[in-house]
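Student: Sharing a structure, written as structure tokens. Questions coming.
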Amino acid sequence: MGIVSPGFQGRRRTGTPDLPPGQYLVEDFPVLSAGPTPRVTPDRWEFVITTETGDEHRWSWPELMALPGETPTVDLHCVTRWSKLGTSWEGVSLDTLLADVDTGADYALVHSYGGYTSNLPLDDLRDGQAWIVHRYDGEDLPPEHGGPARLLVPHLYLWKSAKWVRGIRLTDQDEPGFWETAGYHHYGDPWREQRYQGD
Ligand SMILES: Nc1nc2c(c(=O)[nH]1)N[C@H]1C(S)=C(S)[C@@H](COP(=O)(O)O)O[C@H]1N2
Ligand SMILES: [Mo]
């Protein structure tokens, strides 16, 4: 026996520096969808950013594919307590998509095909923190994980990463999305365990 007892590592032996409080590691990739999987094919897909003044910036699938791509490797943290570390994606940075968008808005409300929404501050989509991703682990993104394309904003709980993403509306006021209306935290920082309103 060493001098330091295993109890010093905490009640659960899940402690790793990459694991936020209250989370456990998974190796598989769970699917969490609040409704049926919308079938959106790339030929009908489009992505729209609408500013607070109503200006619309649209990308078809070929237009998205023509933009410079990035290959982020990131950790995912779901509010239901599973975390998956070191996931590899390919997509377009929101910095690229927002580059020509003239806005003074502070908030973003993300919309999905199928009606799902989630909200976050616009600053959390900037500075290399968020992507529209269309490939996962070297393959086209499967429909159940949000294909053809989803938002990926890994520094917040995964419910913010809207699957089947369709557009982002920029607003002056913070408007709650689907889970935020149901009592989840407006911001959702996993390192501060912002799971529910009031956390
Ligand atoms: N459009 C849409 N996006 C969504 C959801 C959803 O139900 N619909 N669920 C969210 C939640 S709660 C989580 S944890 C993640 C799950 O992503 P995954 O199914 O790829 O693991 O997607 C998020 N994005
Ligand atoms: Mo979730």
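Values quoted throughout were computed directly from the atomic coordinates according to the rules given, and no laboratory measurement underlies them. Please read all numbers here as calculations on a predicted model, not as lab measurements. For neighbour counting, all protein chains shown are included, and Cβ atoms are generated from backbone atoms with ideal geometry for every residue, glycine included.
Student: Rg over Rh of region 91-134, using C-alpha atoms and the Kirkwood radius, what does it come to?
Tutor: Values: Rg = 10.8 Å, Rh = 11.2 Å.
A ratio of 0.96.
Student: Right, next: So if I restrict to the alpha-carbon atoms in region 34-121, what is the Rg, and what is Dmax, the biggest pairwise distance, in Å?
Tutor: Looking at region 34-121, its Cα Rg and Dmax stand at 15.0, 39 Å.
Student: Further question: Assuming R0 = 22 Å, what is the FRET efficiency of TYR24 and GLU139, from their Cβ-Cβ distance, to the nearest 0.05?
Tutor: On the way: r = 26 Å, r/R0 = 1.18.
Efficiency computed from Cβ-Cβ geometry: 0.25.
Student: What ranking do 101-110, 88-97, 157-166 get when scored by the average of other Cβ atoms within 10 Å per residue, highest first?
Tutor: 157-166, 88-97, 101-110
Student: Determine the calculated [θ] at 222 nm for the chain from helices alone, applying -39500 (n - 2.57) to every DSSP H run no shorter than 4 residues and normalising by the residue count; nearest 500 deg cm²/dmol. List each step's numbers first, then the result.
Tutor: Values: 3 runs with 14 residues, N = 199.
Computed mean residue ellipticity for the chain: -1000 deg cm²/dmol.
Student: What does the charge count around GLY128 come to, taking other residues whose C-beta lies under 14 Å from its C-beta (Lys +1, Arg +1, Asp -1, Glu -1)?
Tutor: Values: positive: ARG126; negative: GLU70, ASP95, ASP123, ASP124, ASP127.
Surrounding charge for GLY128 is -4.
Student: What translational D, rounded to a whole number of µm²/s, comes out for region 116-199 from Stokes-Einstein when the hydrodynamic radius is the Kirkwood one over Cα pairs, at 37 °C and 0.692 mPa s? Please list the in-between numbers first.
Tutor: Working: Rh = 13.4 Å.
Roughly 246 µm²/s, to the nearest whole number.
Student: State, as an integer percentage, the relative contact order of region 47-199 based on alpha-carbon contacts under 8 Å between residues 6 or more apart.
Tutor: Working: 334 pairs, mean separation 39.6, N = 153.
For region 47-199, the relative contact order is 26 percent.
Student: How many times 2.2 N^0.38 Å is the alpha carbon radius of gyration of region 39-196?
Tutor: Taking N as the residue count of region 39-196, the ratio is 0.96.
Student: Whole-Hz Karplus ³J(HN,Hα) for region 45-59, in order, using 6.51 cos²θ - 1.76 cosθ + 1.60 and θ = phi - 60°, x for Gly and Pro?
Tutor: 6, 8, 10, 10, 9, 10, 7, 5, 9, x, 5, 10, 10, 10, 10
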